[in-house]
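The block underneath contains the structure these notes are about, expressed in structure tokens.
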Amino acid sequence: MLAVLVVFVTLIARFYQRFAGETTYFYLFAVPILLFGLQAIRQTNYPNDPLGDLLAAAAGVSLIALCLLLYRRMTTGRDERAL
């Protein structure tokens, strides 16, 4: 379910970059997907794995940072007259 949400946000970022002309770095959303995938594999093989916990934390932090970047790109710098 989390992968679907991350892919959906990635598609929103890609759409915004294409049509608004602002760089959203949508390709970087692959990093949290990859880290969450590695964490899931480690969690399956090693139940109480500290490295798996670190992978999940890194994936979460990177996802939050990318979502905040996308949010700022989409909401700041708008001219009132353009609306």
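The values are calculated or read from the model by the stated rules, or taken from the named source; none is laboratory data. Note that the structure is predicted; figures quoted are calculated from it, not measured. Don't worry about glycine lacking a Cβ; one is built from the backbone with ideal geometry, like all the others, and counts go over all protein chains shown. These area figures cover heavy atoms from the full protein model, side chains too; ligands, DNA and RNA do not enter into them. Shrake-Rupley method; radii C 1.70, N 1.55, O 1.52, S 1.80 Å.
Pairing the Cα long axis of helix 50-75 with the longest principal axis of the chain, what angle in degrees results, from 0 to 90 and rounded to the nearest 10?
It works out to around 10 degrees.
Report which label in [x] 56, 18, 16; [y] 82, 24, 18; [z] 48, 31, 24 holds the value of Cα extents along the principal axes in Å derived from the coordinates of this structure.
Read-out from the structure maps to [x].
For the chain, take the longest principal axis of its alpha carbons; what is the angle in degrees between that and the long axis of helix 30-45, to the nearest 10 within 0 to 90?
Value to nearest ten degrees: 20.
Take peptides 8-20, 44-56 and line them up by average Cβ neighbours within 10 Å, highest first, as a rough protection proxy.
The densest-packed peptide leads the list: 8-20, 44-56.
Enter the accessible area per residue of the chain (Å², integer; probe 1.4 Å; all protein chains in place).
Per-residue accessible area for the chain comes out at 74 Å².
Along the positive direction of the dipole of the chain (beta-carbon charges: Lys, Arg +1; Asp, Glu -1; about the Cα centre), which of Leu28, Leu68, Ala13 reaches farthest?
Ala13
Per the 1.4 Å probe, what fraction of the accessible area of the chain, in percent, lies on carbon and sulfur atoms?
Answer for the chain: carbon and sulfur cover 68 percent of the accessible area.
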